[in-house]
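Okay, structure first, notes after.
Any read-out appearing in this document is the output of simple, stated calculations on the displayed coordinates, not a laboratory observation. Since the model is a prediction, treat every value here as computed from it, not as a measurement. Quick reminder, even Gly has a Cβ in these numbers, built from the backbone with ideal geometry, and neighbours come from all protein chains shown.
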Amino acid sequence: MPEGPSIVIMREAVEALHLKGKEVLHVAGNAKIDKERLRHQKVKAVRSWGKHFLLCFKDLTLRVHLLMFGSYRINERKDTTPRLSLGFKDAELNFYTCSVKLLDGDVNDHYDWSRDIMSEQWDPAQALKHLKEHPDMLACDALLDQDIFAGSGNIIKNEVLFITRIHPQSVIGKIPQARLKAMIKEVRDYSFKFLEWKKALRLKQHWLAYTKTTCPRCHIPFKKQQLGKTKRRSFFCDNCQKLYA
DNA sequence: TCTCATGTTTAGGT
DNA sequence: GACCTAAACATGAG
């Protein structure tokens, strides 16, 4: 479920309920937060930042992170106890196996929207600056760093590196600036393609590298290794992806 | 049946 | 404090 584009789908689905101004009438679930604080709050905005789904109230924001296996239901329930359930007059939101947190005060004080790869405020120049602040970082780690590319996950990482022909173990400080810019641009572009494919239930069939065993360009076997500090699966072609080191 | 993974936080060690 | 590792969470695809 949970890379940035999937959270955008979730946000759009909740926005379609037109909850703005609606009051939380019922709260339940096994989340270890002070759920009573949410009761009688009126929704001010439905937002998202990277992999975070945000329901904003006056001076209080509910943050839901689906982690690896989280799920949600709108006006439906699963058989298991929800982590959090919010009941409105004509709608119900249920969140399962996720991380839930309450953020105090103005939500804008918690988030830099320009770091969200799906945001209208996404700023590629800032991303370049952030990358340059970490010259020793490996490309495979940079593309998972939520402080630089909020919303990018392991699928986006693998696809972007393959498309831009950058080896996952490339050192950020050794990658020519033009290549870095191309990588940053592709994160954004790929995320919106991801969004459309996911909506069409056609995401998997567009994967070029992720979970693949053979390079679609030169047809030699892909390498599959857990790379970088993040030790996440990387699928790559030694032949087609240039190692800057 | 079993393994593993679109993710992050936290606790503990050096 | 920096840095690392493992555990915890707990679902569902293959």
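Note on the stretch A:1-58: residues that are under 16 Å from A:PRO82 (Cβ atoms) and in contact with a Pro (Cβ under 8 Å, 6 or more places away or on another chain) amount to 3.
Please find, within the stretch A:1-23, the residue that is farthest from A:LYS44 (Cα to Cα) out of those that are aliphatic (A, V, I, L, M) and within 15 Å of DNA strand B (Cβ to nearest atom).
In the first step, residues of the stretch A:1-23 are kept if they are aliphatic (A, V, I, L, M); the result is A:1, A:7-10, A:13-14, A:16-17, A:19.
Keeping just the survivors that are within 15 Å of DNA strand B (Cβ to nearest atom) gives A:1, A:7-10.
Values: A:MET1: 26, A:ILE7: 19, A:VAL8: 18, A:ILE9: 19, A:MET10: 17 Å.
In this case the residue turns out to be A:MET1.
Residues A:THR164, A:THR214: which one is more than 18 Å from A:LEU143 (Cα to Cα) and either in contact with a Pro (Cβ under 9 Å, 6 or more places away or on another chain) or more than 16 Å from DNA strand B (Cβ to nearest atom) (or both)?
Details: A:THR164 fails: more than 18 Å from A:LEU143 (Cα to Cα).
When all the criteria are applied, what remains is A:THR214.
Restricting A:HIS130, A:HIS134 to those that are assigned to a loop (DSSP other than H, G, I, E, B) and either without any contact (Cβ under 8 Å) to a residue 24 or more places away in the chain or within 16 Å of DNA strand C (Cβ to nearest atom) (or both) reduces the list to A:HIS134. For the stretch A:91-106, residues that are more than 16 Å from DNA strand B (Cβ to nearest atom) and closer than 24 Å to A:TYR72 by Cβ total 4.
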